[in-house]
Amino acid sequence: MNPVTLLGFVAGTLTTLAFLPQVVKTWRTKSSNDLSISTLGMISSGVLLWLIYGLFIGDLPIIATNSVTLVLVVSVFVLALVYRKQSPTSSKP
């Protein structure tokens, strides 16, 4: 593996792992009141576009890491929507 590809995998892995603690915390606490739905939506959209870009140019680090990141970010997004609907304080502005 060439150094540039390795750099892409390391960078993508670190970015991907950054979402794992949020998934775990949201899942364990069953709370999403401190999460911004609009931010999660924008991040999800951006990661999806990076994945599509990676597919077009055939770049494995971009494809692999953004695929996993998309699963994690969408998981947090879905959990945030579910737990926000269940929360008695969800009617606050």
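The values are calculated or read from the model by the stated rules, or taken from the named source; none is laboratory data. Here the structure is a predicted model, which is why all the values come from computation and not from measurement. Cβ: placed from backbone, ideal geometry, glycine included. Neighbour counts: every protein chain shown.
For residues in the stretch 58-93 being more than 19 Å from Thr16 (Cβ to Cβ) and either at pLDDT 85 or above or aromatic (Phe, Trp, Tyr) (or both), which is surrounded by the most Cβ atoms within 10 Å (Cβ to Cβ)? Show your work before the answer.
Within the stretch 58-93, the subset more than 19 Å from Thr16 (Cβ to Cβ) is 58, 81-93.
Next, from what is left, pick out any that are either at pLDDT 85 or above or aromatic (Phe, Trp, Tyr) (or both): 58, 81-83.
Numbers: Gly58: 8, Leu81: 15, Val82: 13, Tyr83: 18.
That would be Tyr83.
Going through the stretch 1-27 one residue at a time, which ones are hydroxyl-bearing (Ser, Thr, Tyr) and at pLDDT below 90? Across the stretch 1-27, the qualifying residues are Thr15, Thr16, Thr26. Residue check: is Leu55 without any contact (Cβ under 8 Å) to a residue 12 or more places away in the chain and in contact with a helix residue (DSSP H, G or I) (Cβ under 7 Å, 6 or more places away or on another chain)? It is true that Leu55 is without any contact (Cβ under 8 Å) to a residue 12 or more places away in the chain and in contact with a helix residue (DSSP H, G or I) (Cβ under 7 Å, 6 or more places away or on another chain). Among residues of the stretch 41-57 being closer than 30 Å to Tyr83 by Cα and of a type in the set (Val, Ile, Thr), the one that is surrounded by the fewest Cβ atoms within 10 Å (Cβ to Cβ) is Ile52. Within the stretch 20-40, residues that are under 9 Å from Ala80 (Cα atoms) have Cβ atoms under 8 Å from residues that are assigned to a loop (DSSP other than H, G, I, E, B) in these pairs: Thr26/Ser32; Thr26/Leu35; Ser31/Ser87; Ser32/Ser87; Asn33/Ser87; Asn33/Thr89; Asn33/Ser90, counting only partners at least 6 apart in sequence or on another chain.
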